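This report concerns only the one structure given below.
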Protein chains: 2
Amino acid sequence: MSMRLQDVSEAAPLRSCTHEYKVNCETCRLSRICLPLAINHQDLEQLESIIQRSKPLQRNELLYHEGTPFQSIYAVRSGAVKGYRTTSDGREQVTGFYFPGEILGMDGISNNSHASSARALETSAICAIPFDSLERLSASMPSLQRHLFQLMSREITDDQLLITLLSKNSADERVATLLLSIANRNARRNLSASQFRLPMSRVDIGNYLGLTVETISRVFSRMQKTGMLRVDNKEIEILDQEALQQAANLAA
Amino acid sequence: MSMRLQDVSEAAPLRSCTHEYKVNCETCRLSRICLPLAINHQDLEQLESIIQRSKPLQRNELLYHEGTPFQSIYAVRSGAVKGYRTTSDGREQVTGFYFPGEILGMDGISNNSHASSARALETSAICAIPFDSLERLSASMPSLQRHLFQLMSREITDDQLLITLLSKNSADERVATLLLSIANRNARRNLSASQFRLPMSRVDIGNYLGLTVETISRVFSRMQKTGMLRVDNKEIEILDQEALQQAANLAA
DNA sequence: ACCGCTTCTTGATCTGTATCATGGCCGTGT
DNA sequence: ACACGGCCATGATACAGATCAAGAAGCGGT
């Protein structure tokens, strides 16, 4: 049993840990990223009052499944989550990876049922935000309403970037782009942008990037050989940021 | 000069055509598709009061360009529009086609600047809906707020479908899927689902589907040979819906 | 009605990535 | 400590679609 305490501790610890439903956005280190409202105490309290936190998900546990009724959107507090949908022939398409501070589940709004599934890649703490409460609240809080629109808009532009990546770029470019994306998101959380552990398998990476496992392996090996990367299984170190950027740079 | 009157006449004609800014959602045949609010006269009037309509765009005219300030989202009244973004190396990635009743431009919300560009594929009438007005209005109209969330959510799920298509499906499957999508959207507007004219070029189709022009041509030829399609330049007739569905059906 | 430009089609060849196959490694449970 | 099962790396081969090339067809302008 390997310890991965830093995953759980990344989000600010609760002051009193006895009642697990007590959430405290105000002291959460991620609040700046997650739902950064104009810092108005009253607003934050209102928001907190609707947010639910349940016990952490274990590796491979399902957060929600496509087709099931949509009730909440989710914020990752710690760990990592993959979003995916199942194709008609039963294969899986990974549509995104979600790290602490990021929000997922918004694709369920249009049909009142989840259009995709989400699964924990490692032990993950998640905040559930009931959408009907959020909707009601946002009608009286313009900044929240705006933030939700922006959040969804961001998801759209991110998807468009992925579409472009899949449609126009080579295997090396795709992998380089993903690594840089993860590095940037780490930086945003004040973690190292040059050294990190991939929470997902090669299969998931390949699936996400429209490539096979073998290709991912080969690209990693190649990049290691050219000295821009050090790869030790899931442990990644970016040795030549410049070169990696250039390898990705044909992407948008 | 070829006449294409039916394009412009698809949306309900204005009662008094002298003042071109007078918009009438209530009599618009597309209102059911476009922003189908609970049919409340007062709500509709409020909505109408903020919608702007300018003179139709000609073929190849730009509706908005990536990087420019975001002010409005747009509803297509007639014609057809393509959305695209320009990659860092100057190439174009088509991210979507928009037909009458469909809404585009929501990717601009997150940054207050358009993340993509939009260009008319043929003469097109467009309604511009200033977003700040829409935002204000939606705070006091729960059904409108909800509809906007749903609209954006829909865009996300559509993008996810395209991601899956690009990542998992063969050239034939991609083309078949696009044709069926267009057919369905035609049906929704009470147009023929089996016979229609493609408003976009082969280049645009290829670009959208992550394929080259040549491949698009070949797929069309192949499908014609097997008898599931009749292709006469941009004129498409689906001869065997069943077979086409099957050709696409490996997609989600 | 004609010209020139753009779009489309079809063929021949090339190539990046998938596929197939095999062996090593690592982590987990007994 | 060991064995098993999933995950990863690497080589050999195959193939779908890209690229290169050339001509045909459509379309707008004069």
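Of (1) within 30 Å of residue A:169 (Cβ to Cβ); (2) in contact with a Ser or Thr (Cβ under 6 Å, 6 or more places away or on another chain), residue B:238 satisfies all except one. Which?
(1)
Would you please name the residue that is surrounded by the most Cβ atoms within 10 Å (Cβ to Cβ), looking only at residues in the range A:224-248 that are within 17 Å of residue A:193 (Cα to Cα) and within 13 Å of DNA strand D (Cβ to nearest atom)?
Applying the filter and picking the extreme gives A:229.
Between B:134, B:104, B:121, which is of a type outside the set (Ser, Thr, Tyr) and more than 14 Å from chain A (Cβ to nearest Cβ)? So that I can check it myself, show each step before the final result.
Values: B:134 fails: more than 14 Å from chain A (Cβ to nearest Cβ); B:104 fails: more than 14 Å from chain A (Cβ to nearest Cβ).
Checking each option against the conditions leaves just B:121.
Is at least one residue of the range A:211-223 among the β-branched types (Val, Ile, Thr) and more than 13 Å from DNA strand D (Cβ to nearest atom)?
no
Restricting the first residue to the range B:219-242 and requiring it to be more than 14 Å from every other protein chain (Cβ to nearest Cβ), which pairs with a second residue that is within 10 Å of DNA strand C (Cβ to nearest atom) and part of a helix (DSSP H, G or I) meet a Cβ separation below 6 Å and a spacing of at least six or different chains?
Listed pairs, sorted by first residue: B:231/B:220; B:231/B:224.
Residue-wise test of (1) assigned by the TED database to the domain that holds residue B:209; (2) under 28 Å from residue A:174 (Cβ atoms).
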| residue | (1), (2) |
| --- | --- |
| B:120 | no, no |
| B:145 | no, no |
| B:159 | no, yes |
| B:175 | yes, yes |
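Exactly one condition in (1) touching a Lys or Arg at 6+ places or on another chain (Cβ under 8 Å); (2) at pLDDT 95 or above is not met by residue B:108; state its number.
So residue B:108 meets the others, but not (1).
Being within 30 Å of residue A:206 (Cβ to Cβ) and part of a helix (DSSP H, G or I), is that true of even one residue in the range B:225-243?
The answer is no, given that none of the residues of the range B:225-243 is within 30 Å of residue A:206 (Cβ to Cβ) and part of a helix (DSSP H, G or I).
I need the strands (runs of 3 or more DSSP E) fully contained in the range A:1-100, keeping only those with at least 2 residues that are at pLDDT 90 or above and aliphatic (A, V, I, L, M). Before the answer, list the steps.
Details: elements: A:62-64, A:72-78, A:81-86, A:92-98.
By residue number, A:62-64, A:72-78.
Would you check if residue B:129 is of a type in the set (A, V, I, L, M, F, W, C), free of Cβ contacts under 8 Å to residues at least 40 places away in the same chain and either within 10 Å of another protein chain (Cβ to nearest Cβ) or in contact with a strand residue (DSSP E or B) (Cβ under 8 Å, 6 or more places away or on another chain) (or both)?
The answer is no for residue B:129.
Just to be sure before I move on: is residue A:206 assigned to a loop (DSSP other than H, G, I, E, B) and within 16 Å of DNA strand D (Cβ to nearest atom) in the structure I sent?
No: the conditions fail for residue A:206.
Among the residues of the range B:169-202, how many are in a helix (DSSP H, G or I) and under 24 Å from residue B:60 (Cα atoms)?
9
Please enumerate the residues belonging to the range B:183-214 that are more than 8 Å from DNA strand C (Cβ to nearest atom), surrounded by fewer than 18 Cβ atoms within 10 Å (Cβ to Cβ) and within 14 Å of another protein chain (Cβ to nearest Cβ).
If the condition is that a residue be more than 8 Å from DNA strand C (Cβ to nearest atom), surrounded by fewer than 18 Cβ atoms within 10 Å (Cβ to Cβ) and within 14 Å of another protein chain (Cβ to nearest Cβ), then B:212 is the only one that fits.
When residues of the range A:76-101 are filtered for being more than 9 Å from residue A:118 (Cα to Cα), of a type in the set (D, E, K, R), within 10 Å of chain B (Cβ to nearest Cβ) and touching a strand residue (DSSP E or B) at 6+ places or on another chain (Cβ under 7 Å), how many remain?
1
Do we have residue B:113 as under 30 Å from residue A:170 (Cβ atoms) and at pLDDT 95 or above here?
yes
The values are calculated or read from the model by the stated rules, or taken from the named source; none is laboratory data. Predicted model, so just to flag it, every value in this text is computed and none were measured. Here the Cβ is made from the backbone with ideal geometry for all residues, glycine too, and neighbour counts use every protein chain on show.
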